[in-house]
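Undergrad: Before we start, here is the structure in question, set down as structure tokens.
Rule-based calculations on the coordinates, nothing more; no lab input. Computed from a prediction, not measured in an experiment: that's the story for all the values here. Positions of Cβ are generated from backbone atoms using ideal geometry, with glycine treated the same way; all protein chains shown enter the neighbour counts.
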């Protein structure tokens, strides 16, 4: 009964996907609105997910030689303006500091929308020799972009992210870095968040302001819309030239280094919600879940050995590296079940006097509701295997959603019908022209997602101009 | 020779302490100035120290039930102004955002100088019942305060910190939290940073704007000045009332919770530099050092087994949890020694063909320069013991500096003479009046550091007004 009551609080996905999403964000206590318009608060449970993302991703960055730094949060307008494309891309959404204490500033300062400029300014002052290259930097911070409409995790005026910035001796090395870091995001989405990705390159229209090339991983949400989940940019030496970043090369001549940047953000949390959750609330992929298993003793007051056994099981699990929680509060069983379903805890462990007599406990999966009796002996292996199984089946379900809703189409009318119908990704040929890309947006209501790395190697007609061409491209409606 | 050259780059402590400090900050590559006035950059090596501080401190916070959150970085002026004392304390140093994109904002937004107001505003919207209490929150972030003069780590317009904010059902619980968190800072300074502290309470003049009581840990630097290294504040229900934060109590009546906040910052890095370093550069306490041991193979080209053995030693040490680095670059031995001395790496391991023949390697301590031959067998235990010994002797030296330069004085003239001479902490009696505190500042040039928790329990004369009184107080010149 308590469970039904709790579930009633969430709008169903079918009724209103957007409201369902917001309900989960707020009722699972991931995020709350603040009284600063467009700014959200990451609450303990939401922040704990972000901490897990940071911890795991940061370890990957460090394995490939990246180090963290902290750059100033405010950027002088003149510095921001040195590279024209970047500032034109971001100017409309910059927040400006104009007063320090009680005095107006001589030059206004931008709250960083991204930090290419600051990194370049720093490299300008510290880089001297090829011996210092590559410089492989990253920072974890928040950025501000003055968005008009905002949604938790997906689009807010402040969001939390990491921004990697690197410079290299050669273009080849920088390109390899760009690809390596995109691979890092792809692996993270798939192996940690159980979100299958399409890897590809952005069109010139969709690439990052100032970049020579932008690579992206695109995920499909349960409503068949696309979420860009991580991007990696190759700049060539464009910023180096604009910010006068130089080094003495092996040939003893002054050279410009080649640059990359790459970022992923709290938007990933929005992505995993819309990939895995259901009408009972959040469903968390096990590898990122702050609590992987919640243990609920049953009728423990009748039999003190129940609570003792649960405690000893949790000790075993903790020692095995499972993140656990005990709920022996006086709330009803129904309330507890609904609560941890809402919060997306992957496994619920129940143990009562009868289980105890049999030497078993009961494991309940959040994703399928499936219950299994498991011997208390060997519980750690059973739970670890179950967590992996849950990851695999979440991934498989998301992959099926992606595959079932990716369509090979030939004409813009077909793409339009898809977009106006159930949605999804349309794979078509593309002649490569901006005109056809813009026409597709106008006629079919979709934007290009990426030119996938995996190309069919066939030829066909551009769905807009009909020209024979080879390039495959993905279209979709994006968050 | 290379070593001498490198050492020449640092101003000696005796010649100019301030310049010595700045030289270390920059030449050990901890920090660099940016082109934004008053803002600094934390470089990889400096940020790695901050990461270790964060990791260890965060684990302590979590042990006592605290969770991390993220609050908006911008605070509407009207919200900031609800509690008068706080805004009066911070208004002169707030940076204001007045434009979002191309449009002026209706209300200007403060870059957070501290976040009591945002936490209160959040609690106002989410707190309902005593069952939700205590709420034990913390956030790691940067804050901006528009300081007029700045110095790396000690005072800059942006700095990185953690700010804990908690609310409690009763005043007793909140007071206990305030004391617990001060104890956490004290333990951290002493056990991790090897910085002995004086624990105490701030006078009303020196306490945090809006706090009912501020507790502090004060450390003594090598120049005998004081560094406030962590503070913990008790607010009573003052902010709760100002921000209308209420809950339904056990008696079913609406009540105001009692509140605390507590913070420590990148200033700790400045503190550990000025506590332990010397004229050869940085000296890092081992528990915080990004690299605890650097291994330098000697004449490895003559004997490939040297490098193999060093690698195998490092594997053993890594597995034992020691943070190591191998430098087998082609730089000279002199250059390497100077480099890692400058960077304060606690232990240098040298191994050459002769050592290898004897089954030994040589461990060199950064703090004392002492060299010891150690058997390669059992190297992990030897290194771990050495790291602990270094910690202990850094702590002992700092404690001696504190003890030798803390003076029990009776008159303001004595305090003045101390301050104008070698400096130090003066312990005197104090009548408790603001007048005498202000007079001490004017006449002797010192400010009150704290009313120490450890009181002598004697009576004596206030050094300014001569009144008989019991309270012990510390005076000093502070950063």
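Undergrad: Mean separation of Cα pairs under 8 Å and 6+ residues apart, divided by the residue count of region A:298-373: what relative contact order is that in percent?
TA: The value is 27 percent.
Undergrad: Next question, about the same structure. Taking a quarter of the surface of the Cα convex hull of the protein assembly as shown, what do you get in nm²?
TA: If you wrap the Cα atoms of the protein assembly as shown in a convex hull and average its projections, you get 44.5 nm².
Undergrad: Another question about this same structure. Count the DSSP beta bridges whose two residues both fall in chain A, then state the antiparallel fraction as a percent rounded to the nearest 5.
TA: 80
Undergrad: Output the Cα-based Rg and Dmax of region A:316-393 in Å, rounding Rg to one decimal and Dmax to a whole number.
TA: Rg then Dmax for region A:316-393, in Å: 12.4, 35.
Undergrad: State the Cα centre-to-centre distance between region B:375-434 and region A:373-398 in whole Å.
TA: Result: 55 Å between the Cα centres.
Undergrad: When DSSP beta bridges are limited to those with both residues in region A:302-451, what percentage is antiparallel, rounded to the nearest 5?
TA: 75
Undergrad: Suppose a student asked you for the relative contact order of chain B, using Cα pairs under 8 Å spaced at least 6 residues apart; what percent would you report?
TA: Averaging sequence separation for qualifying contacts and normalising by length gives 14 percent for chain B.
Undergrad: Can you give the convex hull volume of the alpha carbon atoms of region A:406-476 per residue, in Å³?
TA: Per residue, the Cα convex hull of region A:406-476 comes to 68 Å³.
Undergrad: If you don't mind, another one. Assuming R0 = 22 Å, can you tell me the calculated FRET efficiency for the pair residue A:455 and residue A:205, based on Cβ-Cβ distance, to the nearest 0.05?
TA: Working from the Cβ atoms, E equals 0.70.
Undergrad: To continue, here is another question. Take every Cα-Cα distance within chain B, group them into 10 Å bins from 0 onward, and report for each bin the whole-number percent of pairs it holds.
TA: 4, 17, 25, 24, 17, 9, 3, 1, 0
Undergrad: Calculate how steeply helix B:333-342 sits against the longest principal axis of the alpha-carbon atoms of chain B, using the helix alpha-carbon long axis, and give the answer as 0 to 90 degrees to the nearest 10.
TA: For B:333-342 against chain B, the angle is about 10 degrees.
Undergrad: What Rg and what Dmax come out for region A:8-74 when only alpha-carbon atoms are used, in angstroms?
TA: Both quantities, over Cα of region A:8-74: 16.8, 49 Å.
Undergrad: Here is a further query. Using a label position 7 Å from Cα in the Cα→Cβ direction, what is the ascending list of nm distances from residue A:373 to the same site in the other copies?
TA: Those separations, rounded to one decimal, come out as 6.9 nm.
Undergrad: Quick one: label points 7 angstrom along Cα→Cβ at residue A:453, distances to the other copies in nm, smallest first?
TA: The projected label point of residue A:453 is separated from its counterparts by 5.5 nm.
Undergrad: Helix B:379-404: angle to the longest alpha-carbon principal axis of chain B, degrees 0 to 90, nearest 10?
TA: Taking the Cα atoms of chain B, the angle to B:379-404 is about 50 degrees.
Undergrad: Does region B:78-129 come out rounded, prolate or oblate by the C-alpha gyration tensor, with a ≥ b ≥ c the root eigenvalues, rounded set by a/c under 1.5 and, if not, prolate when a/b is larger than b/c and oblate if not?
TA: oblate
Undergrad: Follow-up question, since we're still on this one. Give me the one-decimal nm value for the distance between modelled label points at residue A:305 and residue A:442, 7 Å along each residue's Cα-to-Cβ direction.
TA: Calculated label separation equals 7.8 nm.
Undergrad: To the nearest 10 degrees, how steep is helix B:434-444 against the longest Cα principal axis of chain B, on a 0 to 90 scale?
TA: 40
Undergrad: Another one. Any idea how far apart residue B:191 and residue A:389 come out in nm if each label point goes 7 Å out from Cα toward Cβ?
TA: Computed distance between label sites residue B:191 and residue A:389 equals 4.2 nm.
Undergrad: Can I ask one more? How compact is region B:84-227 by the rule of thumb for globular proteins, expressed as Cα Rg over 2.2 N^0.38 Å?
TA: 1.22
Undergrad: Averaged across the residues of A:63-70, what count of C-beta atoms belonging to other chains lies within 10 Å of each residue's C-beta?
TA: Mean inter-chain Cβ contacts per residue within 10 Å come to 5.
Undergrad: Could I ask something else about it? Distance between the C-alpha centers of region A:65-116 and region A:237-260? Whole Å please.
TA: Cα centroid to Cα centroid, the span is 23 Å.
Undergrad: So how much slack lies between residue B:131 and residue B:82, counting 0.36 nm per residue of separation and subtracting their Cα-Cα distance, in nm?
TA: Working it through step by step, the gained length comes to 14.9 nm.
Undergrad: Also: What nm distance separates the two modelled labels at residue B:124 and residue B:16, each placed 7 Å from Cα along Cα→Cβ?
TA: The two pseudo-label positions are separated by 5.0 nm.
Undergrad: Return an integer: the convex hull volume of the alpha-carbon atoms of region B:262-358, in Å³ per residue.
TA: Value for region B:262-358: 113 Å³ per residue.
Undergrad: Next question. Looking at the square roots a ≥ b ≥ c of the eigenvalues of the Cα gyration tensor of region B:353-479, which shape do they give, rounded for a/c under 1.5, prolate if a/b is larger than b/c, or oblate?
TA: prolate
Undergrad: Give me the compactness ratio for region B:163-270, meaning the Cα radius of gyration over 2.2 N^0.38 Å.
TA: Expressed relative to 2.2 N^0.38 Å, the Cα Rg reads 1.20.
Undergrad: Based on the Kirkwood radius over alpha-carbon pairs, what value in µm²/s does the Stokes-Einstein equation return for the translational diffusion coefficient of region A:158-197 at 20 °C and 1.002 mPa s?
TA: 183
Undergrad: Shape of region B:128-209 from its Cα gyration tensor (a ≥ b ≥ c, root eigenvalues): rounded if a/c is under 1.5, otherwise prolate when a/b > b/c, or oblate?
TA: Here region B:128-209 falls in the prolate category.
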